[in-house]
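Down below is the structure, laid out as structure tokens.
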Amino acid sequence: MITFLSGGTGTPKLLRGMQKVMDRHEISVIVNTAEDIWISGNHISPDVDTVMYLFAGILNTDTWWGVRNDTFTTHDEITRLGVDEFIKIGDMDRAVHVARGEMMRNGMRLTNATKILCDRFGVRENVLPMTDTEVTTQVQTELGLIHFQEYWIRAKGKIEIQKVMRNFNVPPVATDEGLAAIEASDAVVIGPSNPITSILPILSCDGMKEALKDKFVIALSPFIGEEPISGPAGALMRAAGFAPSSIGTLNCYGGLVDLFVQDVRDPVKVDHSVRFDTLMTDEEKSVALAHEIVGLIKKH
Ligand code: GDP
Ligand code: FO1
């Protein structure tokens, strides 16, 4: 078994390849939930949904969010009626948010709601939210302290971030299911996700760092030079006090990593790193990188 720590784009690209090179029941994914948000009364868990839709074979892999060929009838009508739905939600996607919202309002843990939804979609992999209580990444900007989604989607990532924070009522705790998956794994792979908004929230769940201490941990860089392959990781790294680079990524993980993987094109030198082509522009490239990562684990 391998456990992956994942956000909603970079690591899912690797998981797309992993599905093809491993027994699917041997894949566990602990997924960031610090971007979750209640919208129009329903519960969106963007990273959990991306991983679930990927494994269900229905993910829109042009955007890496939402369901392929979804329609937006409800979103268009709700917007016409004056609801400020700043996130564009597809109709099929919304059905998942409605179902999950209902389960959670009835007191179900996010872990169990995710399991039920994954079963309905025929997902064979083990998809595990990082925690069962609410935690939200917020950024301090000229608009005040706002939800990360407000920054990235409403403000299109175009305003300066002064500070990144995580807000919660109860400190987030790693789930028993997540810790059991790590315990049962030969290795843990921190995928090439946003270190600040996807990976740190997972690592900050109580019990997570302890669980990783004695495990073989591989981390992949989401940076080539000072630029992430996509998304706002550069601005967030700077705001959190880290260099926007592979070195900054490794520093961010604070000594948990046994083997660091960076791209063959990356001009930044990281001592003892392993280099592969990590640019997963299509499924074939995801499969090739997945083979390399499995090879590293087998060699260990
Ligand atoms: P989010 O939840 O949508 O922010 O997605 P993640 O946190 O999972 O991933 C975002 C990160 O993925 C960005 O910082 C990108 O640089 C990185 N990324 C996207 N595609 C690739 C790729 O093909 N290779 C690598 N190495 N990183 C990638
Ligand atoms: N990202 C966008 O840039 N625009 C959208 O309208 C949008 C809608 C959306 C709906 C459901 C979902 O699960 C994700 C969605 N995303 C959208 C992705 C967005 O949430 C972010 O890219 C990730 O959270 C970034 O980490």
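The values are calculated or read from the model by the stated rules, or taken from the named source; none is laboratory data. If you're wondering where the values come from, they're calculated on a predicted model, not measured in any experiment. Glycine also receives a Cβ, built like all others from the backbone with ideal geometry; neighbour counts cover every protein chain displayed.
Of the numbered criteria (1) in contact (Cβ under 8 Å) with a residue 12 or more places away in the chain; (2) closer than 11 Å to Thr3 by Cα; (3) more than 13 Å from ligand 1 (Cβ to nearest atom), the one Ala180 fails is (1). If you go through the range 109-131 one residue at a time, do you hit one that is within 11 Å of ligand 2 (Cβ to nearest atom) and at pLDDT 95 or above? No.
The set of residues in the range 26-38 being charged (D, E, K, R) and surrounded by fewer than 19 Cβ atoms within 10 Å (Cβ to Cβ) consists of Glu26 alone. Of all residues in the range 53-66, those that are of a type in the set (A, V, I, L, M), more than 16 Å from ligand 1 (Cβ to nearest atom) and in contact with a Gly (Cβ under 9 Å, 6 or more places away or on another chain) total 1. Applying the set (1) surrounded by fewer than 22 Cβ atoms within 10 Å (Cβ to Cβ); (2) in contact with a strand residue (DSSP E or B) (Cβ under 6 Å, 6 or more places away or on another chain) to Leu179 leaves exactly one unmet item: (2). Just one of the listed residues (Gly41, Gly90) is over 22 Å from Ala181 (Cβ atoms), touching a residue at least 60 places away in the same chain (Cβ under 8 Å) and surrounded by fewer than 23 Cβ atoms within 10 Å (Cβ to Cβ), and it is Gly41. Against the list (1) part of a loop (DSSP other than H, G, I, E, B); (2) of a type outside the set (Ser, Thr, Tyr); (3) in contact (Cβ under 8 Å) with a residue 60 or more places away in the chain, the condition Val294 fails is (1).
One line per residue, one yes/no per condition, for (1) more than 21 Å from the chain's Cα centre (by Cα); (2) surrounded by 16 or more Cβ atoms within 10 Å (Cβ to Cβ):
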site	(1), (2)
Ala211	no, yes
Ala219	no, yes
Gly225	yes, no
Ala233	no, yes
Ile247	no, yes
Val261	no, yes
Val268	yes, yes
Phe276	yes, yes
Asp282	no, no
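Here is a yes/no grid of residues against (1) buried (at least 23 other Cβ atoms within 10 Å of the Cβ); (2) under 28 Å from Val270 (Cα atoms):
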{"position": "Gly157", "(1), (2)": "no, no"}
{"position": "Gly191", "(1), (2)": "yes, yes"}
{"position": "Lys215", "(1), (2)": "no, yes"}
{"position": "Ala239", "(1), (2)": "no, yes"}
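Report yes if Thr73 is hydroxyl-bearing (Ser, Thr, Tyr) and more than 12 Å from ligand 2 (Cβ to nearest atom), otherwise no.
So Thr73 passes the test.
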